[in-house]
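K.L.:
Here you go, one structure.
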Amino acid sequence: MSSYLLSILVFFPLLGALVGFAIPKDRVRIYALVIAAIEFALSLYLWYLFDYDYKFTNDSLGMQFVYSLPVIESLGISYKVGVDGFSLFLIILSAFITLIALIALGETERLKNLVASILMLEMTMIGVFAALDAIVFYFFWEFSLAPMLYIIGAWGSGNRIYAAVKFFIYTFSGSLLLLLGILYFAWLFYQDMGYATFDIIQWHRHPIAYSAQLWLFAAMGIGFAVKVPMFPFHTWLPYAHGQAPTIGSILLAAVLLKMGTYGFVRFSLPLFPDASVYFAPFMGAIGIIMVIYAAMVAFAQKDIKQIIAYSSISHMGVIILGTFALNAEGIGGSVFFMLSHGIISGALFMLVGVIYDRRHTKQLSEFGGIASVMPIYAAIFMFMAMASAGLPLTMGFVGEFLSLLGYFRASPIMALLAGTSIILGAVYMLNLYRKTFYGAVTIEANKTLTDLNRRELAALIPLVLVVVWLGVYPKPVLAPIDKASIYLAQMMAIKSVPNEDATRQRLESLNSPMFGGGQ
């Protein structure tokens, strides 16, 4: 079964979505929960079977559960999937967050369509992280736009059509550049090897000329940057979050944004090591801008959801910094931070949805003193806000610390600047908390607010437990991520073009403690 386990994980949500149309309307919610629970159990079984002692070979490059089926042999296109230490936990995150989001789901209108959209979105998310063929990757990447566009446009609030169209135009435009990059790399591979393939493992082993790396890094990098979203392509995100329904914001923040940062790790670093070194200072500067600028904008917001949205952009800046530290600590820390940001930001958007369901507003000025009427809600909100700010012994601290530690080895001064993210994060989160929860209850409607109900607690408590567990004992997740990071750092140095811009020397200086420790 292990050979087909990944494929089952990819397509089971699609099957669930299609069958869901035949389920009576009053049972759709339970049905969706069962499908999502089975999917999450399968992802845990994948983790259980994952070999922590795997060897890095030229054939597999550390990938496990690899399954390949030729689709168009003349063009070298295959349905190929597999996982390593990077993608394994992003797949588990996708299944976990989808289950939690469905538990918290409060929508009642057109529920059957909404559930089908969520399950299809889950398929695309897991497909992106499992794909080992560039065309298959692009298919899932592009197809993920459709259900999210539908969710924002159909179940959003306010100016939802504008938000949905802006989300689509930005991400679709970026995707076209990504496709051009994929096709150009395939053409270069064909010119060098005499046969066509979109196999990512073969691409990873194939060095290309320095000048071509620069162009391809730029084209594919813009596609990933729009999805992250990186400055200055970030303007679609606050609109999308602001108008999306709660479940759309949860999935968008927790998983969809990670597709962009995962693209840098899976494609940009191993395929273009010399270009990654060349662009690393530029990417670092953009990361710093994201960290500081987005945090300051978050502080100035009057809408609670917008504050969380800008805080996401700030934290994605830290992930970019860790990735382009170009050493194992930074890369591993950035991947772990993708997971922690997914859990914590998902919880924060869920918490905002709780008070929006009760008051139908997200404006800071409409609240104040609600800790006295919603004490459990206030406690969980405080915990997640501090975890978002990087409180020690929480999951948020581990990822942020490792990302910044890795970047400190590459550029101490810029790492210190990026470290302001912890201070700025605490400032805007505490300001949000003070205005929302402290003081007297002055608005009459807030005096009758009810605390978290059993459904909301059932969704939030698992997130709290994960944040504590992986904050205190992250080793089960960090170990395979670190191993994959070391392999990636070594592969970049080995693949770099000889005598070109001293790239190899730069990479070896960043990764010297790990060299000789690989297998």
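The values are calculated or read from the model by the stated rules, or taken from the named source; none is laboratory data. Only a predicted model underlies this, so the values are computations on that prediction, with no experimental measurement involved. Cβ atoms come from the backbone with ideal geometry, glycine included; neighbour counts cover every protein chain shown. Areas reflect the complete protein model, heavy atoms only, side chains present, ligands, DNA and RNA absent. Shrake-Rupley method; radii C 1.70, N 1.55, O 1.52, S 1.80 Å.
K.L.:
What are the residue pairs meeting all of these: first residue in segment 58-73, first residue over 15 Å from W203 (Cα atoms) and surrounded by 14 or more Cβ atoms within 10 Å (Cβ to Cβ), second residue among the small types (G, A, S) and modelled with pLDDT of 85 or more, Cβ atoms under 8 Å, and 6 or more apart or on different chains?
P.N.:
Q64/G82; F65/G82; V66/G82; Y67/S7; Y67/G82; S68/S78; V71/S78
K.L.:
Quick check on A484: is it modelled with pLDDT under 90 and either open to solvent by less than 20 Å² (accessible area, probe 1.4 Å) or among the polar types (S, T, N, Q) (or both)?
P.N.:
When the stated conditions are applied, A484 does not pass them.
K.L.:
Only one of these is out of contact with any Ser or Thr (no Cβ under 6 Å at 6 or more places or on another chain) and surrounded by 21 or more Cβ atoms within 10 Å (Cβ to Cβ): L93, L5, L15. Name it. Break it down into steps so the answer makes sense when it comes.
P.N.:
On the way: L5 fails: surrounded by 21 or more Cβ atoms within 10 Å (Cβ to Cβ); L15 fails: surrounded by 21 or more Cβ atoms within 10 Å (Cβ to Cβ).
After ruling out the rest, the residue left standing is L93.
K.L.:
Does A385 satisfy the condition of being within 26 Å of the chain's Cα centre (by Cα), in contact (Cβ under 8 Å) with a residue 60 or more places away in the chain and not in a loop (DSSP other than H, G, I, E, B)?
P.N.:
The answer is no for A385.
K.L.:
Considering only residues that are surrounded by fewer than 17 Cβ atoms within 10 Å (Cβ to Cβ), over 20 Å from L75 (Cβ atoms) and aliphatic (A, V, I, L, M), which ones fall in segment 165-205?
P.N.:
Selection gives V165, I169.
K.L.:
Going by the structure shown, is A415 open to solvent by less than 50 Å² (accessible area, probe 1.4 Å), under 20 Å from I331 (Cα atoms) and touching a Phe, Trp or Tyr at 6+ places or on another chain (Cβ under 8 Å)?
P.N.:
Yes.
K.L.:
Cβ-Cβ under 7 Å, sequence separation 6+ or interchain: first residue in segment 26-53 and within 16 Å of A101 (Cβ to Cβ), partner open to solvent by 50 Å² or more (accessible area, probe 1.4 Å) and not aromatic (F, W, Y). Which pairs?
P.N.:
V28/K112
K.L.:
Now, a different point. If we scan segment 212-228, do we find a residue that is assigned to a loop (DSSP other than H, G, I, E, B) and within 30 Å of F349 (Cα to Cα)?
P.N.:
There is at least one residue in segment 212-228 that is assigned to a loop (DSSP other than H, G, I, E, B) and within 30 Å of F349 (Cα to Cα).
K.L.:
Please determine, by comparing only the residues of segment 186-211 that are among the hydroxyl-bearing types (S, T, Y) and part of a helix (DSSP H, G or I), which one is nearest to D274 (Cα to Cα).
P.N.:
Residue satisfying both the conditions and the ranking: Y210.
K.L.:
Do you know which residues across segment 352-411 are acidic (D, E) and farther than 18 Å from N446 by Cα?
P.N.:
Of the residues in segment 352-411, the ones acidic (D, E) are 357, 366, 400.
Hit for segment 352-411 is E400, nothing else.
K.L.:
OK, next. Any idea which of (1) under 30 Å from P207 (Cβ atoms); (2) touching a residue at least 40 places away in the same chain (Cβ under 8 Å); (3) out of contact with any Lys or Arg (no Cβ under 6 Å at 6 or more places or on another chain); (4) open to solvent by less than 50 Å² (accessible area, probe 1.4 Å) is the one E142 doesn't satisfy?
P.N.:
Among (1) under 30 Å from P207 (Cβ atoms); (2) touching a residue at least 40 places away in the same chain (Cβ under 8 Å); (3) out of contact with any Lys or Arg (no Cβ under 6 Å at 6 or more places or on another chain); (4) open to solvent by less than 50 Å² (accessible area, probe 1.4 Å), the lone unmet condition for E142 is (2).
Conditions tested, residue by residue: (1) in contact (Cβ under 8 Å) with a residue 60 or more places away in the chain; (2) open to solvent by less than 40 Å² (accessible area, probe 1.4 Å).
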| site | (1), (2) |
| --- | --- |
| S365 | yes, no |
| G419 | no, yes |
| A426 | no, yes |
| F437 | yes, yes |
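K.L.:
Another question, if that's okay. Take Y162 and tell me if it is assigned to a helix (DSSP H, G or I) and surrounded by 18 or more Cβ atoms within 10 Å (Cβ to Cβ).
P.N.:
For Y162, the condition - assigned to a helix (DSSP H, G or I) and surrounded by 18 or more Cβ atoms within 10 Å (Cβ to Cβ) - is not met.
K.L.:
Please specify each residue of segment 115-139 satisfying the condition of being in a helix (DSSP H, G or I), among the aliphatic types (A, V, I, L, M) and crowded, with 24+ Cβ neighbours inside 10 Å.
P.N.:
V115, I118, L119, L121, M123, M125, I126, V128, A130, A134
K.L.:
Looking at segment 1-59, which of its residues are part of a helix (DSSP H, G or I), of a type in the set (A, V, I, L, M, F, W, C) and in contact with a Lys or Arg (Cβ under 8 Å, 6 or more places away or on another chain)?
P.N.:
V28
K.L.:
Going by the conditions given, is A218 among the aliphatic types (A, V, I, L, M) and over 25 Å from Q363 (Cα atoms)?
P.N.:
For A218, the condition - among the aliphatic types (A, V, I, L, M) and over 25 Å from Q363 (Cα atoms) - is met.
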